[in-house]
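Please read the structure below before turning to the comments.
The values are calculated or read from the model by the stated rules, or taken from the named source; none is laboratory data. Since the model is a prediction, treat every value here as computed from it, not as a measurement. Cβ placement follows ideal geometry from the backbone for every residue including glycine, while neighbour counts extend to all protein chains displayed.
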Amino acid sequence: MSAPALAEQQARPRPSRDGRAGLVLTAPALILIGLFVLLPGVLAVVGSLFRIDLGANTTWSWVGAANFADVLSDPNARQALGNTLLYCLLTIVPSLGVGLGLALLAGSLRRGERLLHTLLFLPFTANLVAMAVVFRWIFALRGGFANQVLAVLGIGPVNYLGDERYALATVAAVGVWRGAALTMVLFAAGLTSIPSAVHEAAAADGIRGWSKLRLLTLPLLRPIVLFATVMMILQSVQVFDTINVMTGGGPLGATETALTMTWRLGFTYFELGKAAALSVLLLAVLITLGVLRRRAFLGDRR
C-alpha cells in the first residue's frame, strides 16, 4: 500500500466504542418502533389504495384513490370529521384557560404548591378507560351522580349520554378535565421560568392582576402556549377511549369521531381499505400540525 493511501486510511474517522455501544443499546427500541409504529403506518398507506376482502383467501384489489373518495363522500364519515372538529373546539380552549388558571392559582400559594400540582396532575396520569367508566356512571340517566344532584335541586333528569344535544358536550367535559391537568403542568413550568426581576419590575410599575397577565405573563409564555395548544390538538384529534366507553359513538353518531369511525370501519364493517384511508387522512393532519408547530417554534427562537 502506498504512503498516501495509508495516510488516507489512517485519517478516516473510525466508529468509537461508545458509538457502537449506543447503537447496541438503542437497537431494541428501534426495532420495536419499526415493528409497531413505522410498519403499521406503511401498511395503512398501502392498504388505503386497495380494497381488502377478508376470507379464506384474502384478496387485495387495486382501487387507487377510490377509498379516499368513498370516505369523503360518506355522510357518516363527514359527520365523524365534523364531530372531531367540534370536539377540538370544545376541549382545546377551555383546557388551556382552566390549566392556566390552575397554574396561576398554585403559583400564588405560599405553601402546598407542589402538593397542589401533584393533585391537579393526577387526572392525566389516571387510567383513561377506568375513568371513562366512572364518568359513564356519573352521567348515567338512572342513578347517575349528576342527575342525583339535579334531583336534590328539584330539576328533572338529563340524558347526558343518550341525547344528541348533550352527548358530545358531556364527553368533551371529560376531555377538558383531563386536558387541563396537562396544560396546568406545562404552564406551571413556564411560570417558574419567568425571572423574578420581571415580577419585581412589574410590581414597581404598579402592573398587577389582569394587566400583568396580558402585558407580561402571556407574552413570556408564548412558546409554552403554542406547545400546549399543539399537544391539546393532538390529544383531542386522537380521542377514542372516553367516547368508546361512554357512548360508543352514539346516539345516532352524535359522538362519532375520526378515530372511532376508523375503528368501526375496520373492525365492525371490515372495510379495511376505507379504514386505512381515513387513518391516512388523520395522519396527514397530525403531520401537518407537527410541521407547523416546529416552524412556529423555530420562528420564536429566532
Filter result (surrounded by fewer than 19 Cβ atoms within 10 Å (Cβ to Cβ) and aliphatic (A, V, I, L, M)) within segment 161-172: Ala169
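Restricting segment 238-278 to residues that are of a type in the set (A, V, I, L, M) and more than 16 Å from Ala44 (Cβ to Cβ), which is farthest from the chain's Cα centre (by Cα)? Steps first, answer last, please.
Here is the first cut: in segment 238-278, the ones of a type in the set (A, V, I, L, M) are 239, 243, 245-246, 252, 254, 258-259, 261, 265, 272, 275-278.
With the extra rule that they be more than 16 Å from Ala44 (Cβ to Cβ), the set shrinks to 239, 243, 245-246, 252, 254.
Numbers: Val239: 7, Ile243: 14, Val245: 18, Met246: 18, Leu252: 25, Ala254: 20 Å.
Looking at residues that are of a type in the set (A, V, I, L, M) and more than 16 Å from Ala44 (Cβ to Cβ), I get Leu252.
Residue under question is Leu182, and the condition is that it be of a type in the set (A, V, I, L, M, F, W, C) and over 30 Å from Ala146 (Cα atoms); does it hold?
On the way: of a type in the set (A, V, I, L, M, F, W, C): yes; over 30 Å from Ala146 (Cα atoms): no.
In short, no.
Any idea which residue in segment 232-251 is farthest from Tyr166 (Cα to Cα), counting only those that are not polar (S, T, N, Q) and not in a loop (DSSP other than H, G, I, E, B)?
Taking segment 232-251 first, the residues not polar (S, T, N, Q) are 232-234, 237, 239-241, 243, 245-246, 248-251.
Now restrict to residues that are not in a loop (DSSP other than H, G, I, E, B): 232-234, 237, 241, 243, 245-246.
Numbers: Met232: 22, Ile233: 22, Leu234: 23, Val237: 20, Asp241: 18, Ile243: 13, Val245: 16, Met246: 13 Å.
Across segment 232-251, the extreme among qualifying residues is Leu234.
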statement: When segment 207-226 is checked residue by residue, the ones that are of a type in the set (A, V, I, L, M, F, W, C) and in a loop (DSSP other than H, G, I, E, B) are Ile207, Leu221
- request: From Leu96, Leu109, Leu116, grab the single residue that is assigned by TED's automatic domain parsing to the domain that holds Ser236, hydrophobic (A, V, I, L, M, F, W, C) and modelled with pLDDT of 85 or more.
  value: Leu96
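Touching a strand residue (DSSP E or B) at 6+ places or on another chain (Cβ under 7 Å), surrounded by 10 or more Cβ atoms within 10 Å (Cβ to Cβ) and either assigned by TED's automatic domain parsing to the domain that holds Ile287 or charged (D, E, K, R) (or both): does that describe Arg51?
Details: touching a strand residue (DSSP E or B) at 6+ places or on another chain (Cβ under 7 Å): yes; surrounded by 10 or more Cβ atoms within 10 Å (Cβ to Cβ): yes; either assigned by TED's automatic domain parsing to the domain that holds Ile287 or charged (D, E, K, R) (or both): yes.
For Arg51, the condition - touching a strand residue (DSSP E or B) at 6+ places or on another chain (Cβ under 7 Å), surrounded by 10 or more Cβ atoms within 10 Å (Cβ to Cβ) and either assigned by TED's automatic domain parsing to the domain that holds Ile287 or charged (D, E, K, R) (or both) - is met.
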